[in-house]
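In what follows, a single structure is set out as structure tokens and then discussed.
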């Protein structure tokens, strides 16, 4: 058996081993019987909680609970990545505006004339 990854969620999940269902059934000698099902849902933490409540209602004899530590960390990481992307877009827009303004100012300084043998203003 090959280890595909290690989850450090900071809760009771740290003491669990995740394998494919057929492997778990073979190891336990319970082929064809289900003991645990875990789902990975790529949504916001609030949506995952609502989804878990709907599953509890639909499956009354089973225990349904989200692994909050993992979902919360994923949500926080996604928020940070979005903020980083937004910051980079704003920085690019500001720098582009500054370069354009500098070129316009130099063009205006030359009374609107542009000479082919001169370097552009943004290279100065």
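A residue that is modelled with pLDDT under 70, part of a helix (DSSP H, G or I) and either out of contact with any helix residue (DSSP H, G or I) (no Cβ under 9 Å at 6 or more places or on another chain) or at negative phi (or both) cannot be found anywhere in segment 79-91. Note on segment 1-16: among residues that are surrounded by 10 or more Cβ atoms within 10 Å (Cβ to Cβ) and assigned to a helix (DSSP H, G or I), the one that is modelled with the highest pLDDT is 14. Based on this model, can you work out whether residue 38 counts as part of a helix (DSSP H, G or I), over 17 Å from residue 75 (Cα atoms) and at pLDDT 70 or above? Here the answer is no, as residue 38 does not meet what is asked.
Looking at segment 50-75, which of its residues are part of a helix (DSSP H, G or I) and at pLDDT 80 or above? 50, 51, 52, 53, 54, 55, 56, 57, 58 - these are the residues of segment 50-75 that are part of a helix (DSSP H, G or I) and at pLDDT 80 or above.
The values are calculated or read from the model by the stated rules, or taken from the named source; none is laboratory data. The shown structure was predicted, so the numbers you read here are calculated from the model rather than taken from an experiment. Ideal geometry is used to build each Cβ from the backbone, glycine not excepted, and the neighbour counts take in all protein chains shown.
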